[in-house]
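Structure, as C-alpha cells:
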Amino acid sequence: MNYVSTRGGVSPVDFAQAVMMGLGTDGGLLVPQAIPAVDAKTLAAWAALDFPELALEVMAPFVGDSIPREDLATLIHRSYATFDHSEVTPVVEVDGVRILELFHGPTAAFKDVALQLLGNLFEYLLERDGGRINIVGATSGDTGSAAIAGVRGKARIEIFILHPKGRVSPIQERQMTTVLDANVHNLALRGTFDDAQGIVKALFNDLEFKGHHHLGAVNSINWARILAQTVYYFYAWGRVSGGDPQRLVNFAVPTGNFGDVFAGYLAKRMGLPIGRLIIATNSNDIMARFVHSGVYAAGEVFPTLSPAMDIQIASNFERYLYYLHEEDAAAVRALLETMHRTGHMAVGEILHRTVAADFDAAAVDDAATLEQIRATHAATGYILDPHTAVGVRAAAGMADCVCLATAHPAKFNEAVTAAIGQEAAPPASLQGLMDKPTRCAVLDNDLATVKRHIVATLTERAGA
C-alpha cells in the first residue's frame, strides 16, 4: 500500500514513510492510493475478534509490507495493554442510547487509541531505520496529553506541544504540564487553537526547517491517527450487529478537527454497514453549516463547555474534499486557494447532494449540552462529558445509533458540576494532578517566536 497527497505533489510513499512524513511535503494530507474493500464474510468473522485482533486485521492492508505482520501485531498489543478496560473501547447502553467509551486509555480520552500506537510506531521505526524525530503538534486539549503519554521518555524523540493558553480545561493543562520527562516540551500560546494549528502547519510547510530539524506530526494530519481510529467503528458495529452484514448502524461523532468522523467515513468506504454519520458540533459549527449549505466559511472561535471542538478550520476536512472530488488533487488545490484568499469556499449543487448523503449534522449550544448531561444523569446516573453530550443531543431520535464518548467526564468537572451539582469521580490517571509540579513555556502567537524556541531547546538538549 502506497500513499499520495491530497494536493498531488508527493511521489507515492509506503506506510512507514507516510508515518514519518506526517504532513505531505506539498502541504497536503497523505491518503492511500486505494481503499481496501471488506466483504460480508470478512465483516462477520471480524465481529468475533477482540480489539487488538481486530486492529491487526483492519490495519494490515494499509500497512502492507513496510512493517512485518508479526511486528505490527506486537506493536498493537503493546499499545492497548495500557488501557484499563479489557475491551479497550466498550459499548454500553445508557437510557436507550449506545455509548462507545473511548476514554479508557492512559489520558482518559479517545486520542489514546491512536497515540499509544503512534508512539510505539515512531519508536519502532526509529530503532529499525535510525535517525531522530522532533514531534510538533497543536492541541485543543486531549491530543497533547495523549501524544505526550505516547512518547514520553522514548529515545530519539523530542515532543513540542502547543496549546492555547487558558483555553483548555485545568485537568487537560495539568495532564500535559506535569509531565517532566526531559524530552517533553509544553508551549502555551497566547491565542486560539486555530492559531496554534496554523503555526504547526507553517512549520511543516517550511520544508527547509522541517527537514533540518527532523519534524514529525502527531496531530490527525498523520495518517496513522486516522487508521487507528477507524478500528473502533468496526468494533462497535460488531458488538451492536452481532456480525450481521445487513444490519446498518448509525454513529454520532463529536467533531472538531474532522479526524474522528473521517475515520468513520473511511470505515464506511471500506464496506462497514454504516447508515448515517452524524457530525455533532458545538457553537463553532463550521462543519454543520457546510453539511447544510455546501458553503465552508470560517468565523470567530467561541469558547464553549466542549473546548476540544472550539475549532473553525478543520484540518482533516481536506481529506474528505479529496474523496468528494473523486481524488482530483487539482480541484482540492483550487478550493483551498479560494479558502485562503477569501475565507470561504463552496461546492456545487451536485456535490452538496453527495455531502448530504454522506453526513447528517447538528450544532448544540452550551445550554443544550448542560441539559443533556443533566437529563442523562437524572434518568440513569451515568455522567456524560460535555463533548459526548453534544453527540448524544445531536443523535436524539436516531434509531440504532452509537454515540462516541470522547473523554472521561472528570476531565470537564466544571461543566459536569454546572449540570448536575456534583463532580464525576476521576479515574486513577487523573488523580492528584493539581498538586504536581509543572513545566511550561508561555509564548506569543508568532511563528518566528515559536521557531526560535524550538531551535534553542533542541540545541540545549543536544548539548545535555
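The values are calculated or read from the model by the stated rules, or taken from the named source; none is laboratory data. Keep in mind it's a predicted model, so treat the numbers as computed, not measured. Cβ: placed from backbone, ideal geometry, glycine included. Neighbour counts: every protein chain shown. Surface areas here come from the heavy atoms of the whole protein model, side chains and all, with no ligands, DNA or RNA. Shrake-Rupley method; radii C 1.70, N 1.55, O 1.52, S 1.80 Å.
Restricting attention to the stretch 195-214 and to residues that are among the aliphatic types (A, V, I, L, M) and surrounded by 17 or more Cβ atoms within 10 Å (Cβ to Cβ), the residue that is farthest from Leu23 (Cα to Cα) turns out to be Ala196.
Considering only residues that are among the charged types (D, E, K, R) and either in a helix (DSSP H, G or I) or touching a Cys at 6+ places or on another chain (Cβ under 7 Å) (or both), look in the stretch 369-391 and name the one that is surrounded by the most Cβ atoms within 10 Å (Cβ to Cβ). Among those residues, the one meeting the criterion is Arg374.
Mind listing whichever residues of the stretch 152-176 are more than 16 Å from Pro409 (Cα to Cα) and open to solvent by less than 30 Å² (accessible area, probe 1.4 Å)? Spell out how you get there, then give the answer.
Residues of the stretch 152-176 more than 16 Å from Pro409 (Cα to Cα): 152-167, 176.
Hits for the stretch 152-176 are Ile157, Glu158, Ile159, Phe160, Ile161, Leu162, His163, Pro164, Met176.
Summed over the stretch 5-25, residues that are at pLDDT 95 or above, in a loop (DSSP other than H, G, I, E, B) and open to solvent by less than 60 Å² (accessible area, probe 1.4 Å) total 4.
Listed by first and then second residue, the pairs linking a residue in the stretch 35-55 that is in contact (Cβ under 8 Å) with a residue 12 or more places away in the chain and open to solvent by 60 Å² or more (accessible area, probe 1.4 Å) to a residue that is not in a helix (DSSP H, G or I) and not polar (S, T, N, Q), with Cβ atoms under 6 Å apart and 6 or more places separating them unless they lie on different chains, are Ala37/Gly271. Of Ala415, Ala425, Ala395, all but one fail to be farther than 13 Å from Arg98 by Cα and surrounded by 19 or more Cβ atoms within 10 Å (Cβ to Cβ); the exception is Ala415. Only a single item in (1) within 22 Å of Gly141 (Cβ to Cβ); (2) at pLDDT below 95 is not met by Asp84, and it is number (2).
A single member of Leu272, Leu248, Leu277, Leu266 is among the aliphatic types (A, V, I, L, M), open to solvent by 10 Å² or more (accessible area, probe 1.4 Å) and in contact (Cβ under 8 Å) with a residue 60 or more places away in the chain, and it is Leu248. Of all residues in the stretch 345-354, none are under 24 Å from Lys201 (Cβ atoms), open to solvent by 10 Å² or more (accessible area, probe 1.4 Å), modelled with pLDDT under 95 and part of a loop (DSSP other than H, G, I, E, B).
Please work out which residue is nearest to Leu370 (Cα to Cα), limiting yourself to the stretch 410-464 and to residues that are of a type in the set (Ser, Thr, Tyr) and in contact (Cβ under 8 Å) with a residue 60 or more places away in the chain. Looking at the filtered set, the residue picked out is Ser429. For the condition hydrophobic (A, V, I, L, M, F, W, C), at pLDDT 95 or above and in contact with a Leu (Cβ under 9 Å, 6 or more places away or on another chain), Ala217 does not qualify.
Condition check ((1) under 23 Å from the mean Cα position of the chain (by Cα); (2) over 27 Å from Gly105 (Cα atoms)) across all residues:
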{"residue": "Pro12", "(1), (2)": "no, yes"}
{"residue": "Phe15", "(1), (2)": "yes, no"}
{"residue": "Lys41", "(1), (2)": "no, yes"}
{"residue": "Glu53", "(1), (2)": "yes, no"}
{"residue": "Val58", "(1), (2)": "yes, no"}
{"residue": "Glu70", "(1), (2)": "no, no"}
{"residue": "Ile76", "(1), (2)": "yes, no"}
{"residue": "His85", "(1), (2)": "yes, no"}
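For Asn282, indicate whether it is open to solvent by 20 Å² or more (accessible area, probe 1.4 Å), of a type outside the set (Lys, Arg) and under 22 Å from the mean Cα position of the chain (by Cα). Taking the combined requirement at face value, the residue does not satisfy it. Within the stretch 428-446, the residues that satisfy the criterion of being part of a helix (DSSP H, G or I) and open to solvent by less than 60 Å² (accessible area, probe 1.4 Å) are Ser429, Leu430, Leu433. Yes or no: Thr89 among the hydroxyl-bearing types (Ser, Thr, Tyr), open to solvent by 60 Å² or more (accessible area, probe 1.4 Å) and in contact (Cβ under 8 Å) with a residue 12 or more places away in the chain? No: the conditions fail for Thr89. For the stretch 296-342, the tally of residues that are surrounded by fewer than 22 Cβ atoms within 10 Å (Cβ to Cβ) and touching a His at 6+ places or on another chain (Cβ under 6 Å) stands at 2.
Of these, Glu93, Glu101, Glu70, which one is more than 30 Å from Arg393 (Cβ to Cβ) and not β-branched (Val, Ile, Thr)?
Working: Glu93 fails: more than 30 Å from Arg393 (Cβ to Cβ); Glu101 fails: more than 30 Å from Arg393 (Cβ to Cβ).
That would be Glu70, the only listed residue that is more than 30 Å from Arg393 (Cβ to Cβ) and not β-branched (Val, Ile, Thr).
Selection of strands (runs of 3 or more DSSP E) fully inside the stretch 30-111 by the criterion of at least 2 residues being within 30 Å of Val10 (Cβ to Cβ) returns 30-32. Among the criteria (1) open to solvent by less than 10 Å² (accessible area, probe 1.4 Å); (2) modelled with pLDDT under 95; (3) closer than 22 Å to Asp446 by Cβ, the one Leu187 does not fulfil is (2). Among the conditions (1) over 14 Å from the mean Cα position of the chain (by Cα); (2) crowded, with 23+ Cβ neighbours inside 10 Å; (3) not in a loop (DSSP other than H, G, I, E, B), Arg289 misses just one, which is (2).
Filter the stretch 69-86 down to residues that are among the hydroxyl-bearing types (Ser, Thr, Tyr) and open to solvent by less than 80 Å² (accessible area, probe 1.4 Å) and give me whichever is nearest to Leu117 (Cα to Cα). Step through it out loud before you land on a result.
Within the stretch 69-86, the subset among the hydroxyl-bearing types (Ser, Thr, Tyr) is 74, 79-80, 82, 86.
Restricting the remaining residues to those that are open to solvent by less than 80 Å² (accessible area, probe 1.4 Å) gives 74, 79-80, 82.
Details: Thr74: 11, Ser79: 5, Tyr80: 8, Thr82: 10 Å.
Taking the candidates together, the pick is Ser79.
When the stretch 220-262 is filtered for residues that are touching a helix residue (DSSP H, G or I) at 6+ places or on another chain (Cβ under 8 Å), small (Gly, Ala, Ser) and at pLDDT 95 or above, the ones remaining, listed by number, are Ala224, Ala228, Gly238, Gly243, Ala252.
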